[in-house]
Amino acid sequence: MFLQAKVPNVSENNPLLQPYDLPPFSAIRPEHVQPAIEQILADNRAGIQKILADQGQKPTWAGLVLAMDELNDRLGAAWSPVSHLNAVCNSAELREAYEACLPALSAYSTEMGQNRELFQAFEALAHSPQVADFDQAQKTILEHSLRDFRLSGIDLPPAEQKRYAEVQSKLSELGSKFSNQLLDATQAWTKHITDEAALAGLTESAKAQMAAAAQAKGLDGWLISLEFPSYFPVMTYAEDRALREEVYAAYCTRASDQGPNAGKFDNGPVMEEILDLRQELARLLGFASFAELSLATKMAETPDQVLTFLRDLAKRSKPFAVRDLQQLQAYAAEQGCPELKSWDSGFFGEKLREQRYSVSQEALRVYFPIDKVLGGLFAIVQKLYGIEIAEIKGFDTWHPDVRLFEIKENGQHIGRFFFDLYARANEGGGAWMDGARDRRRTAAGTLQNPVANLVCNFTPAVAGKPALLTHDEVTTLFHEFGHGLHHMLTEIEHAGVSGINGVAWDAVELPSQFMENWCWEPEGLALISGHYETGEALPKDLLDKMLAAKNFQSGLMMVRQLEFSLFDFELHATHGDGRSVLQVLEGVRDEVSVMRPPAYNRFPNSFAHIFAGGYAAGYYSYKWAEVLSADAFSRFEEEGVFNPQTGKAFRQAILARGGSLAPMELFKDFRGREPSIDALLRHSGLTEDAAA
Ligand code: ZN
């Protein structure tokens, strides 16, 4: 027997299709997701046709750009709470509903990038006399739009356009193949331990994790795997040197022609094919190399500029890496290991760190109860930017622990943010900020104020105690809050470059890393720390130990990051010069490394950031943004860390202007000159002064 289901009126009952002030989180059900997204995509397609028909050959800002913003905003308003819920409290049903929408959304976005009529409308607007009256943000939006259309191949003759699409789809296939082979190789190797003595040195929690892994496979004893939570404790704590060597060799030969599973999941040919196709893609679009194509959307302008930047940092930090290594070798020799190998450095490094500083993250927790930290954070940004932050009670949410805050200035509303601070079982790991609503002036003339989601994964409160944070967690909180301020303190009224929108990848971490500095300043620590029972501020001796431990082995860490960055960039800048991937890596190691891994090491075969992630010819961005944030903070060191004039200048130059102007211009506006690497080297203890 069939029952005729009553077809509900989708748009009337679906909360994702109603306009809202704050997202209706608690009303959203998995069954709302797909119908809402399908409805909006269909409406948007019709909307674009109408815009193009109405605007004809003479598009206007309001008729074209603001009208497109309205369509994008409606889609974002429906999709943002869905992807947010999927990340913070997912269920199998929600994940299924979420994933079911991905192909349609990706097809829609490809279609937009290749809509020739839309491209021509943007071109016509960009070349019309109206542009003379546009402000900087409007001009940048037009420039970015045309650039993005060109980078999606819109300008190419049909045959090349077809090839472009083929190359793109082949590249995405190869990216998945790279990750899958890496995953398979990681899972293909395990080591079963039946004698606990073999695990001497490991922490109880690491052993418990290994025992659980064994149990899951119906084994007794312990199972070591190549997953990071298993690999890392072995390299850091296992006293059995032969065990460390065995695990190291299996780990650094994953997905390659070497090691215990040699040739079985080899990513070598995949990497060559990816590099060839990236090169072809770059050439199709008129760039000399993939490195050049990557920089088309970044702050760095030329491959030479990036390479010079990395080499300069390497030259300045290498002597400190040599010093770090000598200290480590001397310490290891004292401990009976005269020849330090790759599988020894993590182990002796940790022992030396413990011996020198004896400060543990756990011991610091009692000084960082959550309310003290939040109160201190808000006091710091009030001193810097003159903004007030107050908690709002009684709002719709996805979990009772979530808190909502409002930012005001002189009584005026600026923005709001959700704080979801604690780890839960059904939540993705890590910490992040994402924009729930962008600041923008609507076509009707009203101002939409920004809303941000800030998510962390801290340990929740236990009975009788408030939630207590480690100093690492405090730093994470400040980092994400820095992203949040970039999103919320924007003064831009055009969605395309408001807040973090339209900000170049290698500059987007500037405001977040910048905020971390206050977690290390005595003046900042005084505001954010207080023993949860006695209220006593962080004692001076603990602070000194923390500061001393901050830069332990920073020379070695710096050259390691530079090795990855230079390898990635050279590989994409010089592909086709006859050198193999390994030869490029060897060349980079000759230049910057102080410790050589064994010849069988096949690190590139598991470098997923650049072969399967978005970091190709972009890994340098980590260091680039650190230079910007350290150099920006050095102006506060010169003028006073709570100098309100300096705070105002930073807010006006960087936080207020989003992606409206090239990041180099914004930086120069604040600092009065181009960025310099000196502050980063000094903060990392890599200068003679700091070393003394
Ligand atoms: Zn970040």
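The values are calculated or read from the model by the stated rules, or taken from the named source; none is laboratory data. What you are looking at is a predicted structure, and each value in this text was computed from that prediction instead of being measured. Neighbour counts are summed over all protein chains in view; Cβ atoms, including those assigned to glycine, are modelled from backbone coordinates with ideal geometry. Ligands, DNA and RNA are excluded from the accessible area calculation, which covers all protein heavy atoms including side chains. Shrake-Rupley method; radii C 1.70, N 1.55, O 1.52, S 1.80 Å.
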Ranked highest first by average number of other Cβ atoms within 10 Å, how do 333-339, 27-33 line up? 27-33, 333-339
Applying a 10 Å radius around every beta-carbon, put 669-677, 80-88, 484-492 in order of their mean neighbour count, most first. 484-492, 80-88, 669-677
Where does each of TRP624, TRP432 land when they are ordered by accessible area, with a 1.4 Å probe and the largest first? TRP432, TRP624
How far apart, in nm, are the 7 Å Cα→Cβ label points at SER26 and PHE232? 3.7 nm
At LYS648 and LYS162, where each label point lies 7 Å from the Cα along Cα→Cβ, what is the point-to-point distance in nanometres? 6.3 nm
Where the accessible area of the stretch 73-205 is counted over protein heavy atoms with a 1.4 Å probe, how much of it, in %, is carbon and sulfur? 51 percent
Determine the gain in length on full extension of the stretch SER205-GLU339; use 0.36 nm per residue of separation and subtract their C-alpha separation, reporting nm with one decimal. 45.2 nm
Along the Cα-to-C-beta direction of ILE392, a point sits 7 Å from the Cα; which residues of the stretch 405-428 have their amide N less than 14 Å from that point? 405-409, 412-419
Using a Förster distance of 45 Å, the FRET efficiency for THR308-GLU93 (Cβ separation, nearest 0.05): 0.30
Note the full-extension length gain between GLU523 and GLN18 as 0.36 nm times their separation in residues minus their Cα-Cα distance, in nm to one decimal. 177.2 nm
Accessible surface of ARG439 in the full protein assembly, 1.4 angstrom probe, to the nearest 10 Å²? 40 Å²
The stretch 107-190: D in µm²/s via Stokes-Einstein (Kirkwood Rh, Cα pairs, 20 °C, 1.002 mPa s)? 137 µm²/s
For TYR622, solvent-accessible area (1.4 Å; no DNA, RNA or ligand), Å²: 80 Å²
At R0 = 60 Å, how high is the FRET efficiency between LYS540 and THR574 if r is their beta carbon distance? Nearest 0.05 is fine. 0.70
Convex hull over the alpha-carbon atoms of the stretch 319-422: what's its volume per residue in Å³? 198 Å³
Nearest-10 value in Å² for the accessible area of ARG651, using the 1.4 Å probe: 20 Å²
Express the accessible area of the chain per residue in Å², computed with a 1.4 Å probe while the remaining protein chains stay in the model. 44 Å²
Set of the stretch 356-382 residues, backbone N closer than 14 Å to the point 7 Å along the Cα-Cβ line of THR459: 360-370
A correct Karplus calculation of ³J(HN,Hα) over the stretch 639-652, with 6.51 cos²θ - 1.76 cosθ + 1.60, θ = phi - 60°, whole Hz and x for Gly and Pro, returns 9, x, 5, 10, 5, x, 5, 5, x, 5, 5, 5, 4, 5
Net lengthening on full extension, GLU117/GLN355 (0.36 nm per residue, minus Cα-Cα): 79.0 nm
Output the Cα-based Rg and Dmax of the stretch 81-136 in Å, rounding Rg to one decimal and Dmax to a whole number. 18.7, 53
Report the calculated FRET efficiency for LEU52 and GLU239 (r = Cβ-Cβ distance, R0 = 60 Å), to the nearest 0.05. 0.30
Alpha carbon Rg of the chain, scaled by the compact-globule rule 2.2 N^0.38 Å: 1.02
